[in-house]
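Below: one structure, written as structure tokens.
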Amino acid sequence: MSHSEMLPLTMRAVRLDETGPPENLHVVEQPVPVAGPHDVLIRTELAGILYADAEARKGSYFKPTRLPWFPGREVAGTVVACGQAVADFLPGDRVMAIVHAGGCYAEYVLASVGGAPKPAADLIKLPENVAFDQGLVYLANFRLAHLVVHALAKVPCGASVAIHGAAGGMGTMVTQILAALDCDVTAICRGRREADFCLANGATRAIDTLAHDYVDSVLCATGGGVDFSFNGVGGETVNRDPLIVKPCGEVILYGYVAGKTPLEPFDVNKTWTLKLFSAADYLATPHFEQATQAMLDWLGTQPLLSAGEIFPLSRVADAHRALDAGNLLCKLCLRPD
């Protein structure tokens, strides 16, 4: 094993002992992980927060939350130790990773590069021009958005689209990718702050749902509807979205931050398509490799967004309250303090 710095014996990490509200998340002392032959140990600069983290915290995720649970699947930081079988990374490398085993809300994170029994992390070296808080904006959400736009929906250049939650993590990436396709993008968001952010991010127009009914506004602004609606919100919008797509239009559903609502597909006298997205169907396909390459190309050639808000690790409960309330732009992160 190779080291680049003296490591402490213990670290601070977030643990959940009982599913429920944000205050159930506690910062505890844990041993610093020891890198095995196929592992790299990362000193955390930032940990990304995903909506799936909130669902797992509540106990409402599609996979059971096994307690005690150490949350977090996104990390950006510096490699400080490598196992003997690790060939592609060295201490000092700046990296970002999706760690399927979790535990990224911590000062040090162990990521496997392969080898049973631990699942391999999705570990990527950060380009020199990319800051930690920029990399985490793109690491998961850009690639998921790329899959949704290109592999699932197959959106052609110049299409008309609406995007729910356009100021959120996925919404910002869907907006950027569709704007690059010269699409007519209607961003659906909440409040003037979000609307201004969406317009700066490439949207053609922004509709504030706190001030306007989004169905009437989309139909009026687009002269009759859009070809595609990208929906990571769910809730009542699932049954209202058929109203905003043109005949034979598509509703692409990839999230439910507003809750799950029974679908009433025949309430609208129109031919329309509902497509559901699960990343698991694409991770082992060439589509995911293409999405990863597209992300790396984007990081090297395009202006980059940064995380919208960064909470100290000690305020993890406050960060999850902000996540539950939807009071954030682009990306929410934790920083060890």
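Of note:
- Restricting attention to region 155-190, the residues being in contact with a His (Cβ under 8 Å, 6 or more places away or on another chain) and of a type outside the set (A, V, I, L, M) number 1.
- Among the residues of region 108-120, not a single one is closer than 16 Å to residue 137 by Cα and part of a loop (DSSP other than H, G, I, E, B).
- If you filter region 293-329 down to residues that are farther than 22 Å from residue 209 by Cβ and small (Gly, Ala, Ser), you find that the one that is surrounded by the fewest Cβ atoms within 10 Å (Cβ to Cβ) is 300.
- Per the conditions (1) under 20 Å from residue 124 (Cβ atoms); (2) loosely packed, with under 14 Cβ neighbours inside 10 Å, the sole criterion not satisfied by residue 260 is (1).
- Residues within region 156-171 that are open to solvent by 10 Å² or more (accessible area, probe 1.4 Å) and over 24 Å from residue 329 (Cβ atoms), tallied: 4
- Single unsatisfied condition, residue 230 versus (1) within 15 Å of residue 166 (Cα to Cα); (2) open to solvent by 40 Å² or more (accessible area, probe 1.4 Å); (3) in contact (Cβ under 8 Å) with a residue 12 or more places away in the chain; (4) hydrophobic (A, V, I, L, M, F, W, C): (2)
- If the condition is being under 18 Å from residue 24 (Cβ atoms) and not in a strand (DSSP E or B), then region 35-62 contributes 50, 51, 52, 53, 54, 55, 56, 57, 58, 59, 60, 61.
- Selected residue (only one of 249, 259, 224 is assigned to a loop (DSSP other than H, G, I, E, B) and modelled with pLDDT of 95 or more): 224
- Test: residue 101 is open to solvent by 40 Å² or more (accessible area, probe 1.4 Å), in a loop (DSSP other than H, G, I, E, B), farther than 25 Å from residue 16 by Cβ and without any contact (Cβ under 8 Å) to a residue 24 or more places away in the chain: no
- Residue, least open to solvent (accessible area, probe 1.4 Å), within region 56-66, restricted to residues that are of a type in the set (D, E, K, R) and under 16 Å from residue 103 (Cβ atoms): 57
- Residues that are touching a strand residue (DSSP E or B) at 6+ places or on another chain (Cβ under 6 Å), of a type in the set (Ser, Thr, Tyr) and open to solvent by less than 50 Å² (accessible area, probe 1.4 Å) occur at least once in region 43-50.
- Any hit, region 107-130, residues being touching a Lys or Arg at 6+ places or on another chain (Cβ under 6 Å), surrounded by fewer than 19 Cβ atoms within 10 Å (Cβ to Cβ) and not charged (D, E, K, R): no
- Residues of region 172-220 classified as closer than 20 Å to residue 258 by Cβ, open to solvent by 50 Å² or more (accessible area, probe 1.4 Å) and in contact with a helix residue (DSSP H, G or I) (Cβ under 6 Å, 6 or more places away or on another chain), total: 1
- Checked against (1) farther than 18 Å from residue 89 by Cα; (2) free of Cβ contacts under 8 Å to residues at least 40 places away in the same chain; (3) assigned to a strand (DSSP E or B), residue 14 passes all but condition (2).
- Complete set of residues in region 1-29 that are of a type in the set (S, T, N, Q) and under 27 Å from the mean Cα position of the chain (by Cα): 19, 24
- Scanning region 63-75 for residues that are out of contact with any Phe, Trp or Tyr (no Cβ under 6 Å at 6 or more places or on another chain) and outside any strand (DSSP E or B) returns 63, 64, 65, 66, 67, 68, 70, 73.
- Only one entry of 53, 88, 39 meets the criterion of being buried (at least 21 other Cβ atoms within 10 Å of the Cβ) and out of contact with any strand residue (DSSP E or B) (no Cβ under 8 Å at 6 or more places or on another chain), and that entry is 53.
- Annotation note: of 179, 162, the sole residue that is in contact (Cβ under 8 Å) with a residue 24 or more places away in the chain and not in a helix (DSSP H, G or I) is 162.
The values are calculated or read from the model by the stated rules, or taken from the named source; none is laboratory data. Note that the structure is a prediction, hence the values are computed from the model and not measured. Here the Cβ is made from the backbone with ideal geometry for all residues, glycine too, and neighbour counts use every protein chain on show. These area figures cover heavy atoms from the full protein model, side chains too; ligands, DNA and RNA do not enter into them. Shrake-Rupley method; radii C 1.70, N 1.55, O 1.52, S 1.80 Å.
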